[in-house]
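The values are calculated or read from the model by the stated rules, or taken from the named source; none is laboratory data. Since this is a predicted model, take the numbers as computed values, not measurements. All Cβ positions, glycine included, derive from the backbone under ideal geometry; neighbour counts span all protein chains shown.
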Amino acid sequence: MSMAQAIERFVPDGSTVALGVALEPLIPFAAGHEIIRQQRRNLELVGPISDSLFDQLIGAGCVRRVTAAWVGNVSEGLAHCYRRACEQEVPRALEVRDHSNFSISLALWAAAWNVPSLPTRTLLGSDILRTNPDLSTVDDLVEVKAVRPDVAIVHVQRADELGRAHAWGPLGISEEAGLAAGRIVISCEELVDASVTLSDPNRILFPETKVAAVVHEPGCAHPSPVQGFFKRDHAFHRDYADRSRTVEGFDAWLREWVLDVPDRGEYLKRVDAEALRIKQHRPSVPSDFGYE
């Protein structure tokens with residue numbers, strides 16, 4: 001299935017979508033760009049730290065609510081489209097439900113375990129409790145209400161066609177997001193035979209019964225890093241941060257890098273992908289799963 005087909009089928013208007021759940025790496029920018037091209041509207045975005053992907057979706061007018069720990073541009077700081085939406089309702093008003101990185105994880109685990117909420121003490125004394133109606137204080141505990149995304153879109157290093165996915169490096173809250181969501185769309189650098197994924201069953205990230213689509217999309221996560229494949233493209237992030245400071249600059253960037261680009265293959269022709277590829281590979285030692 002192509003990315004365009006996956007977004008058309010599994011991300012309708014009004015969806016709650018978990019994106020960028022591995023923190024800084026493995027952010028599925030290709031999926032976000034396809035959401036923008038298909039002009040999805042009234043989405044709720046769920047995640048911890050999305051780098052600039054949430055900002056791009058907000059600037060494109062796709063988002064009504066953000067449930068997240070932080071929206072920004074990591075190395076470059078402030079997310080300008082996010083700030084315009086919050087302060088000026090440009091391009092539209094934005095509802096924000098603040099979390100910490102830990103509490104958004106708890107919210108997703110609650111959904112994954114099919115319980116209404118999970119308790120924590122970590123948010124006591126914080127201003128987050130004043131603004132998020134999904135958080136309540138009971139007997140010196142904070143009850144974190146379950147967050148159930150309609151779909152989680154997760155990028156991984158490799159997967160087979162049935163959705164058995166292998167990912168490594170920092171994974172953030174990928175597991176809880178996938179288990180909490182109604183369905184999962186996986187994009188991968190490599191589409192491999194089932195014998196590869198089943199040779200290392202402990203690494204399989206999700207039950208394949210929850211995977212609705214597998215998209216072979218090399219370079220999906222650019223400009224974020226993918227362990228073993230690509231380095232982070234700091235210059236690309238810097239350019240986006242500079243140009244998105246104004247509405248006009250963002251609109252020009254969006255036209256150049258998303259709206260006038262039909263797919264990820266064409267996108268990668270416009271960046272120096274080879275310069276970003278990992279040159280020093282460090283494979284892990286094989287595991288022995290013998291038992292007789």
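For the reader, a short list of remarks on this structure follows.
- Restricted to the stretch 137-149, and to residues there that are at pLDDT below 95 and in a strand (DSSP E or B), the residue that is surrounded by the fewest Cβ atoms within 10 Å (Cβ to Cβ) is V138.
- In summary, E217 fulfils each of the numbered conditions (1) surrounded by fewer than 17 Cβ atoms within 10 Å (Cβ to Cβ); (2) touching a helix residue (DSSP H, G or I) at 6+ places or on another chain (Cβ under 6 Å) with the single exception of condition (1).
- Among (1) on the phi < 0 side of the Ramachandran plot; (2) not in a strand (DSSP E or B) - the single one E190 does not satisfy: (2)
- Considering residues of the stretch 32-66 that are out of contact with any helix residue (DSSP H, G or I) (no Cβ under 6 Å at 6 or more places or on another chain), among the polar types (S, T, N, Q) and surrounded by fewer than 24 Cβ atoms within 10 Å (Cβ to Cβ) only, the residue farthest from A4 (Cα to Cα): N42
For (1) of a type in the set (V, I, T); (2) farther than 22 Å from D239 by Cβ, each residue gets a yes or a no:
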{"position": "A60", "(1), (2)": "no, no"}
{"position": "S75", "(1), (2)": "no, no"}
{"position": "S105", "(1), (2)": "no, yes"}
{"position": "L108", "(1), (2)": "no, yes"}
{"position": "P119", "(1), (2)": "no, yes"}
{"position": "I128", "(1), (2)": "yes, yes"}
{"position": "N132", "(1), (2)": "no, yes"}
{"position": "D140", "(1), (2)": "no, yes"}
{"position": "A146", "(1), (2)": "no, yes"}
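- Per the listing G249, G265, G290, G228, the residue uniquely on the phi > 0 side of the Ramachandran plot and small (G, A, S) is G228.
- A single entry from F102, F29 fulfils the requirement of being under 21 Å from G178 (Cβ atoms) and either crowded, with 21+ Cβ neighbours inside 10 Å or touching a helix residue (DSSP H, G or I) at 6+ places or on another chain (Cβ under 8 Å) (or both): F29.
- Test: residue in the stretch 164-174 that is in a helix (DSSP H, G or I) and within 19 Å of the chain's Cα centre (by Cα): yes
- Residue match in the stretch 269-281 (condition: part of a loop (DSSP other than H, G, I, E, B) and touching a Gly at 6+ places or on another chain (Cβ under 7 Å)): yes
- Only listed residue being surrounded by 13 or more Cβ atoms within 10 Å (Cβ to Cβ) and part of a helix (DSSP H, G or I), chosen from R238, R245, R232, R255: R238
Each row is one residue, and each column tells you yes or no for (1) out of contact with any Asp or Glu (no Cβ under 7 Å at 6 or more places or on another chain); (2) closer than 25 Å to E8 by Cα; (3) of a type outside the set (A, V, I, L, M, F, W, C).
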{"residue": "V215", "(1), (2), (3)": "yes, yes, no"}
{"residue": "F229", "(1), (2), (3)": "no, no, no"}
{"residue": "F236", "(1), (2), (3)": "yes, no, no"}
{"residue": "R243", "(1), (2), (3)": "yes, no, yes"}
{"residue": "V261", "(1), (2), (3)": "yes, yes, no"}
{"residue": "K279", "(1), (2), (3)": "yes, no, yes"}
